[in-house]
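The values are calculated or read from the model by the stated rules, or taken from the named source; none is laboratory data. Being a predicted model, the structure only gives us computed values, none of them experimental. All Cβ positions, even for glycine, are placed from backbone atoms using ideal geometry, and neighbour counts span all protein chains on display.
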Amino acid sequence: MAIGPRLDIRQTQSLVMTPQLQQAIKLLQLSNFELAAFIDQELERNPLLEREDAERGPDATEPKADASDLPVLDSQPAETPLLDGMNGATAEDGMDVDYDNTFNNDSASDAVQDESLGQWGTVGGGGHNFEDGDSNLDQMVAGDISLRDHLVAQVNVDIPNAGDRLIALHLIEMLDESGYLIGDLDELAARLGCASERVEIVLRRVQGFDPVGVFARSLKECLGLQLAERNRLDPAMQALLDNLELLARRDLPGLMKACAVDAEDLAEMISEIKALDPKPALAFDHVVAQPVTPDVLMRRTQDGSWVVELNSDTLPRVLVNTRYYSKIAAGARSKDDKTYISERFQSANWLVKSLHQRATTILKVATEIVRQQEAFFLMGVQHLRPLVLRDIATAISMHESTVSRVTSNKYIATPRGIYELKYFFTQSIGSADGGDAHSAEAVRHRIKVLIEAEGKNVLSDDSIVDMLKADGIDIARRTVAKYREAMNIGSSVQRRREKSLGM
């Protein structure tokens, strides 16, 4: 066999990730907010894309103002004095003008009703302007005061020394969102060129500001400041603050021994602790939670079937301006201009096609989820069936990765509330009697219901396992403990201690 270079023709199949295909995959996993931001960027970069107006339609255009359509206003002579109407005084009279607001009901020229000024507006005479509802009341509402502004106002009033005020302002900047002081005081003292003792003195002074508990360096100090303000920081309460870890573990015997009190006094002390605010700064700076906008809407018809449809408010409305493309393509002269226009036109067409394909895929996946989880929508979470991505992908003839991208950051509005599409995919737990498997989410809900209804007889994890097996759910004790801890439910020992104190 001769060894040497030669030319061969081979035919192979391979998946090529073109930029258009990568864009389609990217659009599929974007949420509605991310998609809106992406569309805005494309509208800025591509002159052939335009946003469709849902009310007027794609072919509507903005009406242009014409000079003949403008209202004709009666012009006032330029030589009219500005102060005309004030008892015949003119601007030349200077400071001798008599501002006597006297209205003559018999003369129409003294008090002229002006619609632009409201029902009680007057021209001339210096009369007051009583508007009758045209003003914006929301502009007169006081804005929310931030924690920083509230503390700075107290610093300016309560700390007369300029150097101490500077230290206090730096301490304000070291507060976190809960009102706790973060950072090293020694570093602050070195940065300001003062003694650490002076910073400590200013810190103790600002710790008395409102709200009580700010500038604390730990939870213990925050609660101690509030108890001291109420004159309740006695030695027993101080011992309780020194052993907060025992309170977190509900170790009541250890707390009674550390505080040297009986069970009744300890219960009263714990009640006082529960009445305190561990995060005093949250009362000022409110973080507004962004509402979830569902991508899919579902409702039940009169015949009992389900209607699944896309939320039109979240669908981007973009069109390719073919009229503009034809105009600029005909006027293109150079090769670069023609290439650029052709690329922009292809990119715009592909984007519109990808958006349509994205909407179709989301609707197809959501419809199949509703079909397979119909029992959940009819009877509740206890009837949620186990479901994996493969089940949906097989039913709609798609790949699992596509279903995973569709269900990420997508929400559906149901008669039982708004859920993420990922919520309906849960692991399966075997049946004890050989029947159908149970959903892990339904089992967690069953465990929560059993614990909430336990009353004084606290159920152990072994008792819950026996009760679930009696209902046909084959589950291990460690699985019950894992689900219980995931729902922030304490063990049977902790719950028994809480019930004994009425917590």
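Observations
- When we screen Thr367, Thr361 for residues that are touching a residue at least 60 places away in the same chain (Cβ under 8 Å), closer than 30 Å to Arg416 by Cβ and of a type in the set (S, T, N, Q), the only hit is Thr361.
- Filtered by the rule that a residue be crowded, with 18+ Cβ neighbours inside 10 Å and in a loop (DSSP other than H, G, I, E, B), the range 460-482 gives a lone residue, Ile475.
- Failed criterion for Arg230 (all others in (1) within 20 Å of Ser178 (Cα to Cα); (2) of a type in the set (Lys, Arg); (3) without any contact (Cβ under 8 Å) to a residue 60 or more places away in the chain hold): (1)
- Unique match (being among the small types (Gly, Ala, Ser), more than 24 Å from Arg51 (Cα to Cα) and not in a loop (DSSP other than H, G, I, E, B)) among Ser347, Ser342, Ser354, Ser271: Ser271
- Residue tally, condition touching a strand residue (DSSP E or B) at 6+ places or on another chain (Cβ under 8 Å), outside any loop (DSSP other than H, G, I, E, B) and not hydroxyl-bearing (Ser, Thr, Tyr), over the range 169-210: 4
- Qualifying residue in the range 366-375 (condition: under 29 Å from the mean Cα position of the chain (by Cα), at pLDDT below 90 and not in a helix (DSSP H, G or I)): no
- The set of residues in the range 295-316 that are surrounded by fewer than 17 Cβ atoms within 10 Å (Cβ to Cβ), touching a Phe, Trp or Tyr at 6+ places or on another chain (Cβ under 8 Å) and of a type in the set (D, E, K, R) comprises Arg299, Arg300.
- Neighbours by Cβ (under 7 Å, 6+ apart or cross-chain): first from the range 388-405, farther than 9 Å from Val365 by Cβ; second part of a helix (DSSP H, G or I) and basic (Lys, Arg): Glu400/Arg390
- Some residue of the range 429-451 being charged (D, E, K, R), loosely packed, with under 14 Cβ neighbours inside 10 Å and outside any loop (DSSP other than H, G, I, E, B): no
- Residues that are polar (S, T, N, Q) and at positive phi within the range 449-503 comprise just one, Asn488.
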